[in-house]
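Since the structure comes first, as structure tokens, the remarks are kept for the end.
No lab work stands behind these numbers, since they all come straight from the coordinates. This one's a predicted model, so the numbers in the text were calculated from it and none came from an experiment. Here Cβ is always computed from backbone atoms with ideal geometry, including for glycine, and neighbour counts include all displayed protein chains.
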Amino acid sequence: MSTTPIVQIRNLHKRFGRVHALNDVSLDVEAGEVVVIIGPSGSGKSTLLRCINWLEVPTSGTISIDGVEVRGDDRQVNQMRAEVGMVFQQFNLFPHMTATENIILGPMTVRKWERDRAVTLAHQLLDKVGIPEKADVYPEQLSGGQQQRVAIARSLAMEPKIMLFDEPTSALDPEMIKEVLDVMLDLAREGMTMIVVSHEMGFARNAAKRIVFMDQGQIIEMTTPELLYTAPQHERTKRFLSQILH
Amino acid sequence: MKAESHTKHAVHHHGWQQDDSALIPRERSLMIAWWIAIVAAIVFIAGVVLFKPVPYQEIIGFIGDGLVVTFQITIVSMTFALILGLVAGLGRTATNSFFNILTSLYVEVIRGIPLLAQLFWIYYAMSRFIRLGPQVSAVLGLSICYGAYIGETFRAGIQSIPKGQMEAARALGLTRGQAMRYVIIPQAVRVILPPVGNEFIAMLKDSSLVSVLAISDMLRRGREYASRTFAYFETYTLVALVYLLVTLIFSRVVYYIEHGMSRQDKEKPVTLMHRLAGVVVDLVVLDFIGLIVYALIQPLVLVVAELQVYTVLLIVMLVVGLIYLLFFWTRAGRTPGMMAVGLQLFPEKGEHPTLSQALKRLLFLILPLPGLSLLWMLWSPTGEALHDRFAGTYVGRD
């Protein structure tokens, strides 16, 4: 276990007008760790994730990635984003590009790679996420699960140190959830640092060392998945779990 | 179930790919109306010219060069309007508030003043400070006015792209400029192209307003003829019909652009009309490019004056056309016109055309070039009246 956490969040606040979306959040994530965040809608879990790679600018508090504090100037933020992959609920694939073109855009424009090198990597990544035959297919011809796997490959193409997943399976039909979770589990086993907003209990139990319960912009409880699901400490956690577990 | 939910997603994500024509019966009636209108217009024009050559044949000859001027003014103005529109559109979506306010002010002010009033102001009112020729004033007025409208079209197109696209691009580490260039604008173009085509048609019609600046466009030529011969009914009927005919043709091209965008990569029959629409788009784009190239080499043409100007122009146009085709074939496998109407030269991506296929395509596209491109080549910035070159049809002389 490394000494300094790869992600270090201290006293983070985020306000949208009068809404206090994040209220004094502090969180450390070690390299190679998988952290799952759960919580009711509007609890600030997506906002927290989006603050980490500066898609939302925090109102106050600090975020350090790999020991470097993010200050918010364009150049530094772009550099940091290249190291932090993000997977969205709505996939957000570029519809005018094929799967391969989606994947090589980042390496070619940000890392200035040669096309051939980027394409080779893209094919490897498509192989890894299990859809090598879809290399030259446009997103609209892919199923939701396949689209999300291409989106994961697109993020991995930047060879990030950290991967953020913002409800990656929430927009999927039930039968496609497993194929995406399998890819995520593989990543976790390879030692990728992952912060995952998801209510998939199976994934949390299999991959996560820690699980965080958030409500009203605050971290209420942080423990192992096993303990949280079986013996939640706080009243709000119990109420929330009783709603999602039926 | 799987397929159905997948389609739902596709529609949700790419609104521009919706194809719900079955729900809109209006589509079919429009199609029928278009055929009725164009056939009637052609039959009427051909009929009167054939069976009542006096005065119709003369009128056609007379307003013919006015039509050329109308095209010239439209194409030149459209070029500048597109540039202005792009600046305005980017400014209106920019985060830089100075640039944003500046372009918003431009759009807001210009959209609030009628085009005719703008033309008068530029030509007459501004002469207190700087005297501009009628043609420069006309182009300036049309470009500035339409730049504002096209800017709003660009803004709407850029903003129609879901926010997630920008976020996904930025999350990869792309700068805002790179995200615009590689992700947002290529998608926005598909949304923007049909309304810009409509602006082109609108400008073609509105260019008749420049006749108040003593420019011999089609309407003015008609007025000149009618005031001499008192054949008001015959002249204005023909003028109206020629405008209608041209507009109908272009509106069909825009229709194919609209539908071509949604039929990319889908298996649907490609009709002759698709191909023709693609050719028209290519010709218009080529004229935009040719205009700039010609403006750049014009001084050179004057130097080698021994050569016939038209010969030089023809050679230039052919070279520009060839470069244009080869450039897009090698890079994208198809020309902008084919992209616009959703034509794929070859079904498989990455497959290169054989020599005979390429030649066939080349001939097909390049044959009509010289004819149309002469339209803007005759443009004379010095204000030399075009009809002097057609002395035979110039009634005012005798």
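Structure notes:
- Residue list for region B:177-209, filter: within 8 Å of chain A (Cβ to nearest Cβ) and not polar (S, T, N, Q): B:Y182, B:V183, B:P186, B:R190
- Subset tally (residues that are more than 11 Å from every other protein chain (Cβ to nearest Cβ) and in contact with a Pro (Cβ under 9 Å, 6 or more places away or on another chain)) for region A:126-147: 1
- Failed item in (1) over 15 Å from the mean Cα position of the chain (by Cα); (2) more than 8 Å from every other protein chain (Cβ to nearest Cβ); (3) surrounded by 16 or more Cβ atoms within 10 Å (Cβ to Cβ); (4) part of a helix (DSSP H, G or I), with A:Q76 passing the rest: (3)
Residue by residue, here is whether (1) of a type in the set (A, V, I, L, M); (2) more than 30 Å from A:I52 (Cα to Cα) holds:
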{"position": "B:G89", "(1), (2)": "no, yes"}
{"position": "B:T95", "(1), (2)": "no, no"}
{"position": "B:S143", "(1), (2)": "no, yes"}
{"position": "B:Y149", "(1), (2)": "no, yes"}
{"position": "B:L172", "(1), (2)": "yes, no"}
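- Count of residues meeting criterion [touching a residue at least 60 places away in the same chain (Cβ under 8 Å) and assigned to a helix (DSSP H, G or I)] in region B:92-121: 5
- Candidates in region A:148-180 are the residues that are small (G, A, S) and either crowded, with 22+ Cβ neighbours inside 10 Å or without any contact (Cβ under 8 Å) to a residue 60 or more places away in the chain (or both); of these, the one that is farthest from the other protein chains (Cβ to nearest Cβ) is A:A153.
- Single unsatisfied condition, A:M108 versus (1) more than 10 Å from chain B (Cβ to nearest Cβ); (2) over 20 Å from the mean Cα position of the chain (by Cα); (3) not in a loop (DSSP other than H, G, I, E, B): (1)
- Qualifying residue in region A:80-93 (condition: closer than 20 Å to A:V183 by Cβ and without any contact (Cβ under 8 Å) to a residue 60 or more places away in the chain): yes
- Meets criteria (in contact (Cβ under 8 Å) with a residue 24 or more places away in the chain and closer than 20 Å to A:E190 by Cα) for A:G32: yes
- Listed by first and then second residue, the pairs linking a residue in region B:145-166 that is free of Cβ contacts under 8 Å to residues at least 60 places away in the same chain to a residue that is in a loop (DSSP other than H, G, I, E, B), with Cβ atoms under 7 Å apart and 6 or more places separating them unless they lie on different chains, are B:G164/A:F88; B:G164/A:Q90; B:G164/A:N92; B:Q165/A:N92; B:Q165/A:F94.
- Test for A:S46: is it under 17 Å from A:I219 (Cβ atoms), among the hydroxyl-bearing types (S, T, Y) and either outside any loop (DSSP other than H, G, I, E, B) or in contact (Cβ under 8 Å) with a residue 40 or more places away in the chain (or both): yes
- Taken over region A:1-31, the criterion of being closer than 23 Å to A:E83 by Cα, small (G, A, S) and surrounded by 16 or more Cβ atoms within 10 Å (Cβ to Cβ) is satisfied by A:A31 alone.
- Out of A:L55, A:L93, sole residue that is assigned to a loop (DSSP other than H, G, I, E, B), within 10 Å of another protein chain (Cβ to nearest Cβ), within 21 Å of A:N11 (Cβ to Cβ) and of a type outside the set (S, T, N, Q): A:L55
- Checked against the criterion of being crowded, with 21+ Cβ neighbours inside 10 Å and in contact with an Asp or Glu (Cβ under 7 Å, 6 or more places away or on another chain), region B:198-209 contains one or more residues that satisfy it.
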